[in-house]
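First comes the structure, then the notes that go with it.
We did not get these values from a lab; they are worked out from the coordinates using the rules stated. Everything numeric here is computed off the predicted structure, so don't read it as measured data. Every residue, glycine among them, receives a Cβ derived from its backbone with ideal geometry; neighbour counts consider all protein chains shown.
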Amino acid sequence: MLKQFVVFPLEDELYGVDIHQVMRIEKMLPLTRVPNAPSFVIGVCNLRGSVIPVIDLKQRLTLPSNIDENAKIIFVHVGKQVVGMTIDSSVDVTSIDSDEIEPSPSLVTGIDSQFIQGVAKISNRLLIVLDMERVLTLDQLNVLADLD
């Protein structure tokens, strides 16, 4: 069965999120910092009248974090919550047969393997498919819900 993924780069690697979880993608928006928020929460933004928490996805995945002028925010549904996540730059959409997504090896790119749903090969590169339900724990989602 073909599945579609929104694909984006983080630190020279390709990552993907199931397209059904993606609400929208925006250029970097003005953020308001929130006191006492978890370290990976870089603030909240106003998205069409809704206050949405924004996380630094690279920091959450324990990758070196630097947000520059090309950064974008991808807004995804995680459970019943909408969360913005910073990504490095432009995105693409690709279709992958679910049979081509292999379970993640135990050591993948140095990020916590619990966040990885699997790995697929596209255009001679590996795509790390993120499991958005695991990128943020239930407790973290509850903290984020209190921010909006």
Under a Cβ-only charge scheme (Lys and Arg +1, Asp and Glu -1), can you give me the dipole magnitude of the chain about the Cα centre, in debye to the nearest 20?
400
Among rounded, prolate and oblate, which fits region 1-78 when a ≥ b ≥ c are the square roots of the eigenvalues of its C-alpha gyration tensor, a/c under 1.5 means rounded, and a/b larger than b/c means prolate?
oblate
Report the FRET efficiency, 1/(1 + (r/R0)^6), for Asn70 and His20, where r is their Cβ-Cβ distance and R0 is 22 Å, rounded to 0.05.
0.25
Using a simple spin-label model with points 7 Å from Cα along the Cα→Cβ vector, what separation in nm is obtained for His77 and Ser90?
2.9
Ranking of Leu63, Leu127, Leu57, Leu2 by count of other Cβ atoms within 10 Å, fewest first:
Leu2, Leu63, Leu127, Leu57
DSSP loop (so not H, G, I, E, B), at most 16 other Cβ within 10 Å: list which GluC sites (Glu not before Pro) in region 1-100 pass both filters.
Glu11, Glu69
If I fit a long axis through the Cα atoms of helix 138-147 and take the longest principal axis of the Cα atoms of the chain, what angle between them do I get, 0 to 90°, rounded to 10?
40
Extended-chain gain in nm, criterion 0.36 nm per residue less alpha-carbon gap, Asp97 and Met1
34.0 nm
Rounded to the nearest 500 deg cm²/dmol, what is the calculated helix-only ellipticity per residue at 222 nm for the chain, with -39500 (n - 2.57) per DSSP H run of length n ≥ 4?
-2500 deg cm²/dmol
Pick out, in residue order, every one of the trypsin sites (Lys or Arg not before Pro) in region 1-69 that is DSSP loop and has at most 15 other C-beta atoms within 10 Å; say none if there are none.
Arg33, Arg48
Using only the alpha carbon atoms of the chain, find the Kirkwood hydrodynamic radius as the inverse mean reciprocal pair distance, in angstroms to one decimal.
15.6
Projected onto the charge dipole of the chain (+1 at Lys/Arg Cβ, -1 at Asp/Glu Cβ, origin at the Cα centre), which of Gln81, Ser65, Ala120 gives the Cα projection farthest towards the positive end?
Gln81
